[in-house]
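Since the structure comes first, as structure tokens, the remarks are kept for the end.
The values are calculated or read from the model by the stated rules, or taken from the named source; none is laboratory data. In this text the structure is predicted, and so the values were computed from the model without any measurement. Note that each Cβ is placed from the backbone with ideal geometry, even for glycine, and that neighbours are counted across all protein chains shown. Each accessible area value is taken on the protein alone, full model and side chains, heavy atoms only, with ligands, DNA and RNA left out. Shrake-Rupley method; radii C 1.70, N 1.55, O 1.52, S 1.80 Å.
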Amino acid sequence: MSNDELILLNYWPSLFGARVRIALEEKGLKYEYREEDLPNKSPLLLEMNPVYKKIPVLIHNGKPICESNIIAQYIDEVWNDRAPLLPSDPYEKAQARFWASYSDKIRDVGWKITYRKNNEEAVESKNELLEMLKALEGALGDEPYFGGENFGYVDISLIGCYMMFYTYETYANFSIEAECPKLIAWVKRCLERKSVSKSLGDPKIVYEIAVEWGKRLGLGLSTSLSACTVLSSLESEDFWRGRVKINKRDGDH
């Protein structure tokens, strides 16, 4: 499949888009990266994902694949001759899919920390987030990666959340490393991989975006907006227009 055409439609702070970028890099695949301006979605994005109209979308020889975990599985199945991401054992594969799905919920809880109704909700959401992270830490155990010695599917699904950790910690005044030291040690191991370090946005820039977004939406400790309302506003806010420049590094596609 050396002549395959791969195009990734993405927005750089997206933890979901980061999953796809890392999976592509782990497989050593060449692809064209196209940054999306979320308030002005490209005709190609609307054509390739007419149902959700969201990033990321991987276009393989003109055919779209949507939803980040599904895309990562697709990449693993199509290019199964190199760097396997999912285990071959059916039970282990099912477990990997479970924890990858579980990691999706971190963002939703995290948004309730960042754009909470009041301090009480922030504390409750922080505790809920820590409970989830400790569950993931338990699943990791004493292994270097969730796949044991091998970096794989669960690692790819979870590591993008690291971009938001600084935001959560700053808004709720706590330390994830103090509460979940093994998980942060895992983060540091992942960041040593080129596929990860070149695919993740700077957490402090992501924090700045979160702060600016909150100001534009009039969000604060007294806001009555729910996390779901905030999330639905993401793709319609004009302030994103100037914040879509990707943090390019040498070797980026």
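Overview of values
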| read-out | value |
| --- | --- |
| List TRP186, TRP99, ordered by accessible area with a 1.4 Å probe, largest first | TRP99, TRP186 |
| Percent carbon-and-sulfur accessible area, the range 81-189, ignoring ligands, DNA and RNA, probe 1.4 Å | 47 percent |
| Computed lengthening from VAL211 to SER197, 0.36 nm per intervening residue step minus Cα-Cα distance | 2.7 nm |
| Extension gain from ALA135 to ASN80, taking 0.36 nm per residue of separation minus the Cα-Cα distance | 16.8 nm |
| For the range 1-125, share of DSSP beta bridges that run antiparallel, in % to the nearest 5 | 65 percent |
| Alpha carbon convex hull of the range 61-131, volume per residue in cubic angstrom | 116 Å³ |
| Inter-label distance, nm, simple model (7 Å from Cα along the C-beta direction), GLU47/TYR91 | 4.8 nm |
| Karplus-derived HN-Hα couplings along the range 89-106 (A = 6.51, B = -1.76, C = 1.60, θ = phi - 60°), whole Hz, x at Gly and Pro | 5, x, 5, 5, 5, 5, 5, 4, 5, 4, 5, 5, 5, 4, 5, 4, 6, 4 |
| Theoretical FRET efficiency, 1/(1+(r/R0)^6), r = Cβ-Cβ of GLU179 and LYS63, R0 41 Å, to 0.05 | 0.45 |
| The range 102-212, accessible area per residue, ligands and nucleic acids excluded (1.4 Å, Å²) | 42 Å² |
| When the range 44-95 is reduced to its Cα atoms, the Kirkwood hydrodynamic radius in Å | 12.3 Å |
| The range 1-125: C-alpha pair distances exceeding 27 Å, % | 29 percent |
| Inter-label distance, nm, simple model (7 Å from Cα along the C-beta direction), LEU29/VAL123 | 4.7 nm |
| Vicinal HN-Hα couplings computed from phi for the range 200-212 (Karplus, 6.51 cos²θ - 1.76 cosθ + 1.60; Hz; Gly/Pro x) | 9, x, 5, x, 6, 6, 4, 4, 4, 5, 4, 5, 4 |
